[in-house]
1. What relative contact order, as a whole-number percentage, does the chain give when Cα pairs under 8 Å and 6 or more residues apart are counted?
2. With equal scatterers on the alpha carbons only and no solvent term, can you work out the Debye log10 of I(q)/I(0) for segment 161-208 at 0.22 1/Å?
3. For a quick protection proxy, order the peptides 80-87, 140-147 by their average other-Cβ count within 10 Å, most packed first.
4. With a 10 Å radius around each residue's Cβ, average the other Cβ atoms per peptide and rank 203-216, 234-247, highest first.
5. Taking only protein heavy atoms into account and a 1.4 Å probe, give the accessible area per residue of segment 209-295 in Å².
6. Expressed as a whole percentage, what fraction of the accessible surface of the chain belongs to carbon and sulfur atoms when a 1.4 Å probe is rolled over the protein heavy atoms?
7. For segment 32-87, just the Cα set please: Rg and Dmax, both in angstrom.
8. Which whole-Hz couplings ³J(HN,Hα) result when phi for each residue of segment 61-74 is put into the Karplus expression 6.51 cos²θ - 1.76 cosθ + 1.60, θ = phi - 60°, listed in order with x for Gly and Pro?
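The values are calculated or read from the model by the stated rules, or taken from the named source; none is laboratory data. Because the structure is predicted, anything quoted here is derived from the model rather than measured. We place every Cβ from the backbone using ideal geometry, glycine too, and count neighbours over all the protein chains shown. What goes into the accessible areas is simple: the full protein's heavy atoms, side chains included, and nothing from ligands, DNA or RNA. Shrake-Rupley method; radii C 1.70, N 1.55, O 1.52, S 1.80 Å.
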Amino acid sequence: MFDGGLVSDEIPETLYHYTSAQGLLGIIESRTLWATDTRYLNDVHELTYGSATIVDELYRAANTLDPHNNDGPLVGPKAKATELRIAAQTVERGGLFERNELGDAYVTCFCDDSDQLGQWRGYGSDGGGFAIGFQGSALRELAHKLQRDGANMLAVPEPRRVIYGPDAVTARCADIVESILRFGPNADPVSTGVFDAYRICLPELAFMKDHAFREEREWRVLIINIADRTLKFRPDGTLGVIPYADISFPVNAIREVIVGPGPHKELRKQAVEQLLAENKYTDTTVRTSEVPYRP
């Protein structure tokens, strides 16, 4: 899959989680990442961006299978068309985007660029910011483990690139329709259509964002349905409290830490090296940013 035909979805060797000094300490010492409820992220269109396009494409595919949509037994192509229409209606009603018993979407965010000015600007107010480089293979194994443990009810068992803008969303819709059509007509296309909305459409929506965010070059690990996990909460100056879930990782998952631009980079680098040594990260290297930015 390609975003606009320009970039590959192959997982990079290293993906970077940008964070503040406080975030760095928490991640290194606890060996956990936070998967945040998508509704509390900085994009107000999280999950809803792309939903109208998905709805249109589902209806289009349904009308191709069953152009007249007449009354009749739900068998053959008509059954599959009904399943597509029910999925479209479920997305259209907006229930996917509210808290629901089938699960909410929680994500941990990464970037494929280790030294990105935009990210440093976002995290530069607290000690200059840091980028923690996670091995792509370790994140893949982590995502598969989450799925095996039942924390992930959908078919996104590895980190995936976020796509940006309407063209990329339209292209991805072909995969969504194909995923629904892959299996033969179900005995109950109505309930299956609802399930498709949560099992296929909701995960896809978690990887769609407005073109304005394209410079983030974001990758995500996604959790849906964390009924068996303990939610935690952190304070936020704007939203009050934000729900999140912990994701534990092994010590060898972190390949390197980049110290962000700003004053005293060498001192900050030495402190990070001590922090890593104290917490038994024996194979993790530390380097400093080359971006000439003054926070």
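1. 30
2. Result of the Debye calculation: -0.79.
3. 80-87, 140-147
4. 203-216, 234-247
5. Roughly 58 Å² per residue, with all protein chains present.
6. Ligands and nucleic acids excluded, carbon and sulfur reach 51 percent.
7. Values for segment 32-87 (Cα only, Rg and Dmax): 17.0, 53 Å.
8. 5, 5, 5, 5, 6, 9, x, 9, 6, 7, 5, x, x, 7
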